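Below is one structure; the comments refer to it alone.
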Amino acid sequence: MRFETTIDRFGRIVLPKEIRDDLGLEPGAVVAVEEQGESILLKPLRDEPGLVRKGPVLVHTGKARGDILGAVRAVREGRLRRIRKGAGK
C-alpha cells in the first residue's frame, strides 16, 4: 500500500486514515521515528505491561522513560527529610 502526503511548514505530516485505522492509531498515539538511509520509518509504540508477576514478586519488564535518576534522587531526599524531622524531636 502506498500513499503520498505533504509536509506542512511546521514539519508535520498527516497519515492517511486507512493506515491509521489499519494500525489502530488514535489521536495522541506515540510513534517512534527512525532515519534509515534515505527512508523514514514510523513505528507505533504500544504500551507494554510494565509489571508482570513472577511467582509472588512483581517484576518490571518495560522500558524506563523519563528522568529515572532524578526520580530516585527526589525519593531519597524526601526520605532523608522525614528521617531528619523524626531525629529532631
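The values are calculated or read from the model by the stated rules, or taken from the named source; none is laboratory data. It should be emphasised that the depicted structure is a prediction, and the values quoted were computed from it without experimental measurement. Every residue, glycine as well, gets a Cβ built from its backbone with ideal geometry; the counts of neighbours run over all protein chains shown.
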From the list LEU45, LEU58, exactly one residue is in contact with a strand residue (DSSP E or B) (Cβ under 8 Å, 6 or more places away or on another chain) and within 30 Å of GLU4 (Cα to Cα). Which is it?
LEU45
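So that you can scan it fast, the table gives a plain yes or no per residue for (1) outside any loop (DSSP other than H, G, I, E, B); (2) modelled with pLDDT under 90; (3) on the phi > 0 side of the Ramachandran plot; (4) outside the structural domain of GLU4 (by TED's automatic domain parsing):
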residue: ASP21; (1), (2), (3), (4): yes, no, no, no
residue: ALA29; (1), (2), (3), (4): no, yes, no, no
residue: VAL33; (1), (2), (3), (4): yes, no, no, no
residue: LEU42; (1), (2), (3), (4): yes, no, no, no
residue: VAL59; (1), (2), (3), (4): yes, yes, no, yes
residue: LYS63; (1), (2), (3), (4): no, yes, no, yes
residue: GLY66; (1), (2), (3), (4): no, yes, yes, yes
Quick check on GLU77: is it of a type in the set (Asp, Glu) and either under 19 Å from THR5 (Cβ atoms) or in the same structural domain as PHE3 (by TED's automatic domain parsing) (or both)?
no
I'd like the full set of residues that are surrounded by fewer than 10 Cβ atoms within 10 Å (Cβ to Cβ) and either aromatic (Phe, Trp, Tyr) or touching a Phe, Trp or Tyr at 6+ places or on another chain (Cβ under 7 Å) (or both), limited to region 4-48.
PHE10
Single residue of region 72-89 satisfying the filter (in a helix (DSSP H, G or I) and modelled with pLDDT under 90) that is farthest from GLU26 (Cα to Cα)
ALA87
